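Quick notes on the structure that follows.
What follows is calculated from the coordinates using simple rules that are stated; it is not laboratory data. No experiment lies behind these values; they were computed from the predicted model shown. All Cβ positions, even for glycine, are placed from backbone atoms using ideal geometry, and neighbour counts span all protein chains on display.
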Amino acid sequence: MSKALIAKAEAQGNHLELGELISLLNLTDQEALDELWQAADRVRAKEVGEDVWLRGLLEFSNFCHCQCEYCGIRADNRSITRYRMTEDEILAAAREISAAGIGTIVLQSGEDAWWTGDRVARLISRLKIEHDLAITLSLGDRTKDELLLWRSAGADRYLLRFETSNSALYAKFHPDSTLATRLNTLAELKSLGYDVGSGCLVGLPGQTTRDLALDLLLGRDLELDMFGVGPFIPHPDTPLGGCPQGSTEMTYKMVALARLVMRNVHIPVTTALATLDADGREKGWQRGANVVMPNATPPPYRQQYELYKNKRCIDDTLKHCRGCLGGRIARIGRQVGQGQGGSLRKAGRTNE
Ligand code: SF4
């Protein structure tokens, strides 16, 4: 039974139905799981090739006015030191990303109103003048005017996870927004021509296997360019601090199925997965993923961007990470992507 279903997923994963996805997410037999990993790896090779793309992650402000219940930098957490990098500090970090041969900078922050539309647009313009980098923004739910301004200034991509497709669960953990708002922002990003990334968390308290299967179907229906899956890791200074962490095995199943269902998307191995499993990056790349986001945030800020505790590689420099990741990628027979590594969907690879 599982063999036939995995074969269908490999041939036509974008046509899998809800019940079939739930069955695949419920697999526990090691032989069947190995088949699932191998099917995802073959589809990854066919659809996106052997390149593993590096994206330099710059966490430039940990101020946030939101209260997402799982997040270590939520507004109510008074135990962390808040920071905002200056424009010059950000430009210096961008120089390091370029020097490391990485083609994309990911500008990430909490929802920080100090970074107005105009300030972010000015930063994007300066980055575009000084560097040949693709610019990915990850700044949360912002207004359509701001998104338009930043796209016009040169931003290429935007990451905005929907976290869970279950609207009741979404409302429970996100007191400041609704799933409908987030989906609306994702639609606006697409209409403005951004490459759009989204994704979900695995292991939120109360989340079911059916919810995860629906997350995959939502990701497919949104026709995304990128899809990220990370395990929930409880931060002790948040309302969910006492809850159990998400399962790494379920996260791998979600990565593999994201590849099988969405085919030609970019899929990162998340730092959260690498934090829970020392071999998480290699396993992720061999189970469907093709991206990694080394941390380019300079100290002491990188320690202060505390979404959760004990983040992997938190004390390593970007230069060290670049070398380490290059070695890990080569050891599994793959190669580091050269250039910016844009949307494969828009480059003409169909989702069939
Ligand atoms: S998840 Fe994002 S929006 Fe929510 S509190 Fe954390 S940084 Fe802010």
In degrees from 0 to 90, rounded to the nearest 10, what is the angle of the helix 179-191 Cα long axis to the longest principal axis of the chain? 80 degrees
In range of the label at Ile332: residues from the range 14-39 whose backbone nitrogen is under 18 Å from the point 7 Å along Cα→Cβ: 33-39
Cβ-placed point charges (K, R +1; D, E -1), dipole of the chain about Cα centre in debye, nearest 20: 460 debye
Selection from Phe162, Thr208, Ile332, by position along the positive dipole direction of the range 18-336 (Cβ): Ile332
Links exceeding 25 Å between C-alpha atoms in this model, out of Lys3/Lys346; Lys3/Lys190; Lys190/Lys311; Lys46/Lys253, come to Lys3/Lys346; Lys3/Lys190; Lys190/Lys311
Going from the fewest other Cβ atoms within 10 Å to the most, one would list Ser138, Ser79 as Ser79, Ser138
Fraction of alpha-carbon pairs in the range 139-247 farther than 16 Å apart, rounded to whole percent, equals 60 percent
Cβ-based charge dipole, the chain, positive-most Cα from Cys321, Leu222, Ala75: Cys321
Reference-scaled alpha-carbon Rg (2.2 N^0.38 Å with N residues) for the range 8-131: 1.53
Between Gly19, Gly140, Gly49, find the one with the highest GNM mean-square fluctuation for the chain; connect C-alpha pairs within less than 10 Å. Gly19
So which residue, out of Ala40, Ala121, Ala32, gets the largest mean-square fluctuation from a GNM of the chain using Cα contacts under 10 Å as springs? Ala32
Jot down the radius of gyration and Dmax of the range 212-344, Cα atoms only, both in angstrom. 15.3, 43
Charge dipole (debye, nearest 20) of the range 26-93; +1 at Cβ of Lys and Arg, -1 at Cβ of Asp and Glu: 440 debye
Is the range 18-336 best put as rounded, prolate or oblate by its Cα gyration tensor, with a ≥ b ≥ c the root eigenvalues, rounded for a/c under 1.5, and otherwise prolate when a/b is larger than b/c, oblate when not? rounded
Which net charge results when you count Lys and Arg as +1 and Asp and Glu as -1 among the other residues whose beta-carbon is under 9 Å from that of Ala40? +2
Cα centroid separation - the range 182-218 against the range 38-100, whole Å: 18 Å
Simple Cβ-charge dipole of the range 36-193, Lys/Arg +1 and Asp/Glu -1, about Cα centre, in debye nearest 20: 240 debye
